[in-house]
Amino acid sequence: MTQPIPGLDGAYWPYLALLLFAVLPTEIWRWLAVAFARRIPPESPALEWVRAVATALLAGVVAKLIIVPPGALAAAPLGLRIGALTVALAIMLFDRRRVMLAVLMGEATLVAGAWLLI
C-alpha cells in the first residue's frame, strides 16, 4: 500500500482537487478565449457562428427543461412551464434590453402558478 502524501491527506484535499481538476482546466480556455477574441472584429463570420451556436445551445437547454424537467420542476404542469416561457418571450420581444425582467417575470409566473396549482 502506498503511503499518503503529507498535506494531501488532510482536510484541504477536496479544495486542492477542485482547483486542479475543475478550475484550472476551464480557466485556461477562458483566458485563451479572451486573448484571441480581442483580435476578432465583432462583425466577423466567426463570431456570428459562435453566437448562433451559443443561441442554439441555450435553446436546447430551455427546451429540455420544459419538455423533460428535472426534480421539483417536473411537478409543474407542462402548460404552466410553457406559459412561463411565453411570458418571458413576450417581454423579450417587447424590449430586448430587459433580459433580467424577462427572466424574473418568467420565474415569477412559474412559481406563482406552481404555488396555486400544486
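The values are calculated or read from the model by the stated rules, or taken from the named source; none is laboratory data. From a predicted model like this one, the values you see are computed outputs, not experimental measurements. Note: ideal-geometry Cβ built from the backbone for every residue, glycine included; neighbour counts use all protein chains shown.
Restricted to the stretch 71-88, and to residues that are at pLDDT below 95 and within 17 Å of the chain's Cα centre (by Cα), which residue is surrounded by the fewest Cβ atoms within 10 Å (Cβ to Cβ)?
The residue in question is 71.
Taking only the stretch 90-107 into account, find how many residues are loosely packed, with under 13 Cβ neighbours inside 10 Å and of a type in the set (A, V, I, L, M).
Selection size over the stretch 90-107: 4.
Please list, ordered by first then second residue, the pairs with beta carbon atoms under 9 Å, 6 or more apart or interchain, first in the stretch 93-118 and in contact (Cβ under 8 Å) with a residue 40 or more places away in the chain, second not acidic (Asp, Glu).
117/76; 117/77; 117/80; 118/75; 118/76; 118/77
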